[in-house]
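Structure record follows, encoded as structure tokens.
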Amino acid sequence: MNLPAGIQITAPVTDEYASILTPEALTLAAKLHRAFDSRRQELLKARVARQARIDAGEMPDFLPETKHIREGDWKIAPLPKALECRRVEITGPVEAKMVINAYNSGADSYMTDFEDSNSPKWDNLIQGQINLYKAIRRELSFKNEAGKEYKLNDKIATLQVRPRGWHLDEKHVLIDGQRISGGIFDFALFLFHNAKEQIARGAGPFFYLPKMESHLEARLWNDIFVMAQNEIGLPQGTIKATVLVETILATFELEEILYELREHSAGLNAGRWDYIFSCIKKFKRNKDFCLANRGAITMEVPFMRSYALALVKACHKRGAPAMGGMSALIPIKGDPEANEKAMAGIRHDKTRDANDGYDGGWVAHPGLVPIAMEEFVKVLGDKPNQWEKQRTDTFGPADWLNFQPEAPITEAGVRNNINVGIHYLGSWLAGNGCVPIHNLMEDAATAEISRSQIWQWVVSPKGKLDDGRKVTADMVRAIIPEELAKVKAVVTAAGEATATYDQAAKIFEEMSLADNYPEFLTLPLYEAME
């Protein structure tokens, strides 16, 4: 194919892929890369410098230079009607069957995911763009091996798209010899092909923005939106984006992030699993900090509770939607008692969010939409949202940095982290980034928690089991082959190949026990992937 000057694609481009990878769409992506990638690189370096200061003992606090924003009188721009009602949002990767099921789920909104629940194989990414292109035009259908056909219903959810985070490159697309940002690539292709079609159909180009650590990272997205709208002829403010607050540093800049995106903001979301991972990552060298088993870190522990309530307060103060996070529980077939317990967990989660003032919440499975909807309707009635609900409580560093509980840490907890980590990584390497494991829907965030906790329990003097044994590298190395065997047995029983799981166990061991903690699991994994 003839590519615009300076653009190189190092992966196969079929005729169908070429329908998305058009010269015009790639020109937009290249223009955004050339204008903004140096700033992205500077911001990534700033993350490293900030981490070094935290490792040396600095604790985060509110920014003095943005006090005028926190104390100022301003609101985000008005939202389009399509984003007023988001009581239940469903999420999932960009695979055709999942796209159709999510659109048809009965949820108000559907966040389609190029990030944590999508394994970023080239085919997954480009086929995902094709699937969305077809779905928006109501041309997408899917037939499984048994001949069952999936088609879009008349009434479908409002689409929102999550591109990749700032730390992720797209290694198969080079601009002037440099890799393009995965996020810019995902965003530019989708916007170029679909924005005007979406507007004509009564919605618009709506996005979810992941993994940001500062308001300057939000400013970068805002400036990209401004240029992109000019380039394709959209009025300024047409793009709307919800920011996932899934790093602890972002909690100190909630209002600043809303302010930077105020012409394009669709609010904030409490991304709980990545948030826990972020807390472990940021304070991994702090000898006073050591979290208990993953299962003990609920939304009700002090640091999670205060962050969740502060998010509602910041959003509603600024006229923005506050979106509750994901409950990873999923329906359990064949075990009525376990299923009832899981459904009670979902109900509890959504009841709490609705009563706290959230305008909606996430689910990972179509079967959970009715329960979540029921709980929000109990609080909201026939109102589309509760933006008018103002919280008066006050939260700050003392609340957000109150990392409890520290116990229990158990051998079962260690084994579960190793098991989930290996299972997820093996699946991810095979091309599936959204995996049901032990009756929970897992994505990259839960694998990150799993390996980060193992790393910290080994390093921290507080990393002791409830029976008094210290968690050590030798203990972890001894458990890994045992848990690998269990994972392989489960995968084999499900009729799936196990080829990638030995590599997954090796990567898990390397990253859990490395002297220098690797920032993101997905970075070396992506390099190992075709």
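Only the coordinates and a few stated rules stand behind these numbers; no lab work does. In this text, all values refer to a predicted model and were calculated from it rather than measured experimentally. Neighbour counts run over all protein chains shown; Cβ positions are idealised from the backbone, glycine included.
Before moving on, here are some points about what is shown:
- Elements of type helices (runs of 4 or more DSSP H) in region 461-530, at least 3 residues being under 26 Å from residue 284 (Cα atoms) and under 26 Å from the mean Cα position of the chain (by Cα): 501-513, 522-528
- Residue selected from region 135-162 under the condition more than 16 Å from residue 110 (Cα to Cα) and among the hydrophobic types (A, V, I, L, M, F, W, C), by the criterion farthest from the chain's Cα centre (by Cα): 146
- If you go through region 488-524 and keep only what is under 18 Å from residue 453 (Cβ atoms) and of a type in the set (A, V, I, L, M, F, W, C), you end up with 504, 505, 507, 508, 511, 513, 514, 520, 521.
- Taking region 248-271 as the range and being in a loop (DSSP other than H, G, I, E, B) and among the acidic types (Asp, Glu) as the test, the residues that pass are 253, 263.
- Residue match in region 210-219 (condition: part of a helix (DSSP H, G or I) and without any contact (Cβ under 8 Å) to a residue 60 or more places away in the chain): yes
- Of the residues making up region 393-405, one or more are farther than 19 Å from residue 246 by Cα and without any contact (Cβ under 8 Å) to a residue 40 or more places away in the chain.
- Selection over region 293-317 of residues that are in a loop (DSSP other than H, G, I, E, B) and either within 20 Å of the chain's Cα centre (by Cα) or surrounded by 20 or more Cβ atoms within 10 Å (Cβ to Cβ) (or both) gives a count of 3.
- When residues in region 384-418 are screened for being more than 16 Å from residue 315 (Cβ to Cβ), over 26 Å from the mean Cα position of the chain (by Cα) and of a type outside the set (Gly, Ala, Ser), 4 of them pass.
- Residue match in region 279-299 (condition: more than 19 Å from residue 405 (Cβ to Cβ) and of a type in the set (A, V, I, L, M, F, W, C)): no
- Residue pairs whose Cβ atoms lie under 7 Å apart, sitting 6 or more positions apart in sequence or on different chains, and linking a residue in region 429-442 that is in contact (Cβ under 8 Å) with a residue 12 or more places away in the chain to a partner that is basic (Lys, Arg) and surrounded by 20 or more Cβ atoms within 10 Å (Cβ to Cβ), are 431/121.
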